[in-house]
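The block underneath contains the structure these notes are about, expressed in structure tokens.
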Amino acid sequence: DSPENASLRTPIVAVLGHVDHGKTSLLDQIRGSAVIEGEAGAITQHIGATAVPLDVISAIAGDLVDPDDFDLPGLLFIDTPGHHSFTTLRSRGGNLADIAILVVDVNDGFQPQTIEALDILQRSQTPFIVAANKIDTVPGWNPTDDAPIKPTYDEQSDRVRGDLDERLYEIIGELSDEGFSADLYWRVQHFQRNIGVVPVSAMTGEGVPDLLTVMMGLSQRYMKEEMEIDVAGPGVGTVLEVKEEKGFGTTVDIVLYDGTIRTDDTIVVGGTTEPIVTDVRALLQPRPLAEIRTESRFEQVEQVDAAAGIKVAAPDLDDAMAGAPVRVVRDRALDDVIEEVEAELAEIAVDTDEQGVVVKADTLGSLEAMADALGEAEIPIVRAEVGDVAPRDVSVASTADEHKQRVILGFNVDVLDDAEERAEIDDVRVFTDDVIYQLVEGYEDFVEELER
Ligand code: GTP
Ligand code: MG
């Protein structure tokens, strides 16, 4: 990194969207193009994330990006299978996703998780653009691999162009129905006021140069100040996932958004009952260009700088919580750091009521999003926790006075076998879903049935 970049970190870009709309393919396309551009070595593999440096972006974007116009080091993309709620992970130190790409399949249009992602982006006030994906599937499409959208669009027949326009305007209309003013990205002047829609194909790479250009421009223009960090300072991050790893026991996958983390650093991690204080045993990075999510062999590194995704191996991580803060202690007083972590956890804790339903969710972020959604629907919550539905949740639910509150709502979690049996015996209803508003609607339908 050049010295003038030393204190500007990589913006974190969350890629969100409905199942199968092409989030992973889009990242694969960006990674693949990077290989083709002969820059493979420049792409750092991360846990659940792909870092694309500025020179690679500029190689892919061609004429659209002049690296001299930018001083941010690149973009760190985060794929979100199973983590579709983590843009809500706000903590005092920062907001995990700085910007986002909402991927929408031009054939499929808006779907439940698209709307949910929009809700989350709106709530967390995360700036975003829409990638209208799979334009190559418009019947009669004549592809030019990796081309910017303008020339390839002009190449199409009138009929094909008309067909694509219709689908794009449908997406713009759907955005407008959800309260967002949007337009094709080249007509957007103020990306903070209007949402830019970029037509792309993750299959042919068409429009990808435009997408990268717009993301770079957005971050440079609106994020630069927020990207100023103390690179040498003690690391600050968020837990993405808590995972068993062969030979390492329980590990946490984290996104580091500030400072550095080193092996032997003492860290404080938010846990289900109390902050965990432990020493980093190993920092694990997937090997270069391995398929990230299936990667099982890691390279051990001594130090990682923000922004980055990294797997941390350390003792005592069994009770670590997805969505919780992680802080490196370094040369500060341990108690102060524990206090910081506690304060952050308190900020994302959910207020509960005397009576209400039990809520379980996979991460703190999704728990927060669930609590928001239930609050809006005026549904009280008696207990809200991260984790699978367990027998003790059934016990809590079974003490409710009202039938409609003998309920557990589980978002993106499993129901443990003994909890299921227990629920049947105790006449507690368990609802699970991986779309928040479907979960809420399912419960509301149930209440309506009861009150009929
Ligand atoms: P989840 O992770 O399950 O939410 O899905 P995803 O959004 O990551 O979608 P993924 O990238 O796995 O793509 C789903 C399917 O769509 C795959 O079969 C892809 O090959 C296909 N696909 C993705 N993008 C395109 C595209 O631009 N054009 C065409 N023709 N197919 C695409
Ligand atoms: Mg995927």
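Could you tell me whether the stretch 70-78 includes any residue that is within 16 Å of ligand 2 (Cβ to nearest atom), farther than 16 Å from Leu256 by Cβ and either at pLDDT 70 or above or not charged (D, E, K, R) (or both)?
Scanning the stretch 70-78, I find no residue that is within 16 Å of ligand 2 (Cβ to nearest atom), farther than 16 Å from Leu256 by Cβ and either at pLDDT 70 or above or not charged (D, E, K, R) (or both), so the answer is no.
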**Complete:** Across the stretch 234-280, the tally of residues that are polar (S, T, N, Q) and open to solvent by 30 Å² or more (accessible area, probe 1.4 Å) stands at 3
**Prompt:** Within the bounds of the stretch 369-392, is there any residue that is over 15 Å from Thr352 (Cα atoms), of a type in the set (Val, Ile, Thr) and out of contact with any Ser or Thr (no Cβ under 7 Å at 6 or more places or on another chain)?
**Reply:** yes
**Asked** Counting only residues that are aliphatic (A, V, I, L, M) and farther than 22 Å from Leu374 by Cβ, which one in the stretch 337-353 is surrounded by the most Cβ atoms within 10 Å (Cβ to Cβ)?
**Response** Val341
**Request:** Give the stretch 191-218 a look and list any residue that's part of a helix (DSSP H, G or I) and small (Gly, Ala, Ser), or say none.
**Result:** Gly217
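Counting only residues that are within 16 Å of ligand 1 (Cβ to nearest atom) and under 24 Å from the mean Cα position of the chain (by Cα), how many does the stretch 157-205 have?
Total satisfying the criteria: 9.
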**Among the candidates Gly309, Gly323, residue that is crowded, with 20+ Cβ neighbours inside 10 Å and out of contact with any Phe, Trp or Tyr (no Cβ under 8 Å at 6 or more places or on another chain)** = Gly309
**Request:** Go through the stretch 393-424 and give me each residue that's of a type in the set (S, T, N, Q) and under 22 Å from Asp353 (Cα atoms).
**Result:** Ser395, Ser398, Thr399, Gln405
**Asked** For the stretch 407-431, what are the residues that are open to solvent by less than 70 Å² (accessible area, probe 1.4 Å) and either in contact with a Phe, Trp or Tyr (Cβ under 8 Å, 6 or more places away or on another chain) or assigned to a strand (DSSP E or B) (or both)?
**Response** Val407, Ile408, Leu409, Gly410, Phe411, Val415, Val430, Phe431
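From the list Leu283, Leu334, pick out the single residue that is surrounded by 22 or more Cβ atoms within 10 Å (Cβ to Cβ) and at pLDDT 95 or above.
From the options Leu283, Leu334, the qualifying one is Leu283.
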**Complete:** Quick count over the stretch 189-233, residues being of a type outside the set (S, T, N, Q) and either buried (at least 19 other Cβ atoms within 10 Å of the Cβ) or closer than 16 Å to Ile30 by Cβ (or both), is 22
**Scope the stretch 378-419; condition acidic (Asp, Glu), under 26 Å from Glu451 (Cβ atoms) and either free of Cβ contacts under 8 Å to residues at least 24 places away in the same chain or in contact with a helix residue (DSSP H, G or I) (Cβ under 8 Å, 6 or more places away or on another chain) (or both); matching residues** = Glu378, Asp393
**Item:** Complete set of residues in the stretch 108-158 that are modelled with pLDDT of 95 or more, more than 24 Å from Val65 (Cβ to Cβ) and part of a helix (DSSP H, G or I)
**Value:** Thr137, Asp158
**Asked** Restricting attention to the stretch 372-406, which residues are assigned to a helix (DSSP H, G or I) and open to solvent by 20 Å² or more (accessible area, probe 1.4 Å)?
**Response** Asp372, Gly375, Glu376, Pro391, Arg392, Ser395, Val396, Ser398, His403, Lys404
**Asked** Looking at (1) more than 16 Å from ligand 1 (Cβ to nearest atom); (2) at pLDDT below 80, can you tell me which one Ala49 breaks?
**Response** (1)
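The values are calculated or read from the model by the stated rules, or taken from the named source; none is laboratory data. Since the model is a prediction, treat every value here as computed from it, not as a measurement. In this analysis, Cβ positions are derived from the backbone assuming ideal geometry, glycine residues included, and neighbour counts consider all displayed protein chains. The accessibility values were calculated without ligands, DNA or RNA, using every heavy atom of the protein model including side chains. Shrake-Rupley method; radii C 1.70, N 1.55, O 1.52, S 1.80 Å.
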